[in-house]
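Below: the structure, in structure tokens.
Each reported figure results from applying straightforward, stated rules to the coordinates on display, with no laboratory input. It should be emphasised that the depicted structure is a prediction, and the values quoted were computed from it without experimental measurement. Don't worry about glycine lacking a Cβ; one is built from the backbone with ideal geometry, like all the others, and counts go over all protein chains shown.
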Amino acid sequence: MKPNIGISETNLKRSTHLLSAMLANEMILYVKTRKSHWSVSGESFMELHKLFESQYNQLELLIDEIAERIGKLGGKTIGTMNEFLKFSSIKEHPGKYLSSKDILNELLSDHEWIIIQLRKDIQESSAKNKDAGTADFFTRLMEQHETTSWILRRYLN
């Protein structure tokens, strides 16, 4: 049954497409953060190991919230690695094992990329799709990524 929530079917489809792309980005970032947790080494090993664990746990919760938001809007949630890779604008780097500093830089770059994308998605959700709920949802996601970016940036100063 299609939702009757005051948003046109076209706008619901556009919103679920934005959410699917964000879900894919979050999933790829989750995998990259998990890999960072597994492969970090060096002087601050334990501190970074625990930091990345807390970050991938946060991402796991965000991923679930995005998937549920898609369902609330009547969409079907993507769920295979193939789909995540297809929809994501964040890229993986198979076979690369980075230094701790390079891991921090790459994760920071990915979080900042998501923030930039979320700013665009907030505007599109609000102005074009007339979907204040998704705009608000994206704003909360953006704020969480801003906090994570700030934490990663502090390690690099």
Problem set entry | Whole-number percent relative contact order across the chain, with pairs defined as alpha carbons under 8 Å at least 6 apart | 31 percent
For this session: Kindly provide the trypsin sites (Lys or Arg not before Pro) of segment 55-91 that DSSP labels as loop, not H, G, I, E or B, and whose Cβ sees at most 12 other Cβ atoms within 10 Å.
Result: Lys76, Lys91
Exercise. Based on the Cα atoms of segment 1-68, what semi-axes does the equivalent ellipsoid have, where each is the square root of 5 times one gyration tensor eigenvalue, given in whole Å with the largest first?
Worked result: 36, 10, 7
Exercise. With springs only between Cα atoms under 10 Å, which of Glu60, Glu106, Glu43 fluctuates most in a Gaussian network model of the chain?
Worked result: Glu43
Problem set entry | Too-long pairs where the Cα-Cα distance tops 21 Å, listed order kept, from Lys32/Lys128; Lys13/Lys91; Lys13/Lys128; Lys50/Lys91 | Lys32/Lys128; Lys13/Lys91; Lys50/Lys91
Exercise. Where nothing but the Cβ of Lys and Arg (+1) and of Asp and Glu (-1) is charged, how large is the charge dipole of the chain around its Cα centre, in debye to the nearest 20?
Worked result: 420 debye
Seminar exercise, completed: Expected max-MSF residue from Ile70, Ile116, Ile103 in the GNM of the chain (alpha carbon, under 10 Å) is Ile116
Exercise. Val31 to Tyr97: extension gain in nm, 0.36 nm per residue of separation minus the Cα-Cα distance?
Worked result: 22.4 nm
Problem set entry | Estimated inter-spin distance, Glu146 and Phe45, nm [label 7 Å along Cα→Cβ] | 3.7 nm
Exercise. What is the distance, in nm, between label points placed 7 Å from the Cα along the Cα-to-Cβ direction at Ser126 and at Thr77?
Worked result: 2.7 nm
For this session: Would you kindly derive the ³J(HN,Hα) couplings of segment 17-33 from the backbone phi angles with the Karplus curve 6.51 cos²θ - 1.76 cosθ + 1.60 (θ = phi - 60°), listing them in order in whole Hz, with x for Gly and Pro?
Result: 5, 4, 5, 5, 5, 5, 4, 4, 4, 5, 5, 5, 5, 4, 5, 5, 5
Problem set entry | Spatial separation of Cα centroids for segment 120-157 and segment 8-38, in angstrom | 13 Å
Problem set entry | Cα lying deepest toward the dipole's positive end in segment 1-127, options Ile28, Thr77, Pro94, charges on Cβ | Thr77
